[in-house]
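Encoded as structure tokens, the structure appears first; notes follow it.
Read the figures in this text as sums done on the coordinates, not as results from a lab. Since the structure is predicted, the reported quantities are computational estimates derived from the model, not experimental observations. Every residue, glycine as well, gets a Cβ built from its backbone with ideal geometry; the counts of neighbours run over all protein chains shown.
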Amino acid sequence: MPLLAFAANFLWVMILGLFGPCVPAIIIDLGISYAQAGLFFTLLSLGSLLATPLAAAASDYLNGKLEFFLLALFLAAGLLAVSLAATFALLLPVVLGMSLLGSPIGSVSQSLMLARFPERRSRYLAFMGSCAAAGSLLAPLLVSVNLTAGLGWRAAFAETGILVLLLAATVLTLRLPPAAPAHFRFQELREVLGHPRVRLAAVLLFFSVAADMGFSYWLAEYARSRLDLGLELASAAVGIYLTGLIAGRLLTGLLVRSIGEGSLFKASLPAAAAALLALLLLPGMIPRAAALACYGLCVGPHFPLVMSLGTRCFPERPGLVTGTLYAALSAGGMVFPLLIGAVAARTGLDWAYGGLVVVLLGLWVLIRRGEF
């Protein structure tokens with residue numbers, strides 16, 4: 001089960017990672033603006049916001065294997081539809097539909113994993129996050145290879161759809177015990193939403209992980225427009241950031257027991273802010289590349305540590321908590337990519353990214369003296 005959960009998150013985040021590197025090519029191909037391109041990210045997060053909490057919560061009560069399989073099947077169909085949509089007007093509803101029917105695959109697989117291995121929560125979430133980051137790393141490389149080969153950005157979505165179909169076939173071989181007999185009670189939802197640690201985790205996911213999603217979505221365009229790189233190199237340059245992100249999550253899994261979740265998270269916030277500021281201010285490609293890798297390393301621990309903070313409060317209902325936290329993440333994913341695009345359209349991506357420095361430092365001030 002952990003391996004399939006890792007694979008599901010690898011593929012879903014890989015899909016999210018395709019859109020950022022494809023943005024420059026989509027803008028040129030469809031003749032759209034920054035603000036219009038930002039709608040893709042908003043619709044991805046909107047679909048996730050609507051579907052993920054329900055699907056993840058349902059995994060506590062329903063047939064998890066069947067749910068997992070159907071989500072993979074719908075997601076594969078959505079990817080193939082994206083590769084075929086010929087216009088911006090057609091692409092928007094396809095992206096929304098793919099998100100509604102496929103985005104819960106990561107949260108449902110996480111819920112199923114945590115229900116069976118609650119004692120390994122922090123380590124498995126960190127390693128799962130590393131696999132997800134690896135999916136993000138593969139996405140720009142896949143886009144770059146397709147663009148270099150002259151296949152275009154659409155081919156990357158079709159190829160990923162085939163991989164998701166393979167996952168769906170593999171899920172059929174999965175053996176899962178049935179969910180514990182239970183009926184959903186609104187009291188459980190009230191308890192989850194009212195728990196202070198769950199609410200803190202939701203806030204941190206909204207402002208740290210979701211804000212970083214906005215950064216990564218626009219990174220290829222930043223590399224193209226601000227660093228004067230071609231489409232192929234701009235897409236591949238995202239790999240520098242993602243290499244740092246993978247390293248940060250792997251180190252989190254190895255160090256979390258000795259350092260502690262709270263100390264590690266608190267230290268990562270100002271370090272990430274400093275690295276991002278260096279990326280914006282330092283001259284030269286090599287110092288900027290080093291700052292970008294360092295930023296990825298510093299934000300790497302955020303997702304697994306915050307998700308562990310929230311889900312350990314209700315180990316008997318991992319799906320309900322996971323759905324709640326993914327809803328906060330999706331809400332932030334709706335806000336930040338569109339906000340960064342809107343600010344960039346007026347003042348440039350440097351100023352838009354500078355706002356993320358303020359967000360990171362604000363979170364550090366908020367929690368540095370409190371209990372994580």
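Seen from all directions on average, the chain presents a Cα convex hull projection of 16.8 nm². Report note on the peptides 20-32, 68-80, 299-311: ranked by the mean count of other C-beta atoms within 10 Å, highest first, their order is 299-311, 68-80, 20-32. Of the peptides 208-214, 157-163, the order by per-residue mean of other Cβ atoms within 10 Å, starting with the highest, comes out as 208-214, 157-163. Dividing the summed helix terms, -39500 (n - 2.57) for each DSSP H run of n ≥ 4, by the number of residues in the chain produces a 222 nm estimate of -27500 deg cm²/dmol to the nearest 500. When 351, 364, 218 are sorted by how many other C-beta atoms sit within 10 angstrom of their C-beta, beginning with the fewest, the order is 351, 364, 218.
Note on the range 2-42: the C-alpha convex hull projects to 3.1 nm² when averaged across all orientations. Principal semi-axes of the equivalent ellipsoid, √(5λ) from the alpha carbon gyration tensor of the range 4-100, are 27, 13, 12 Å from largest down.
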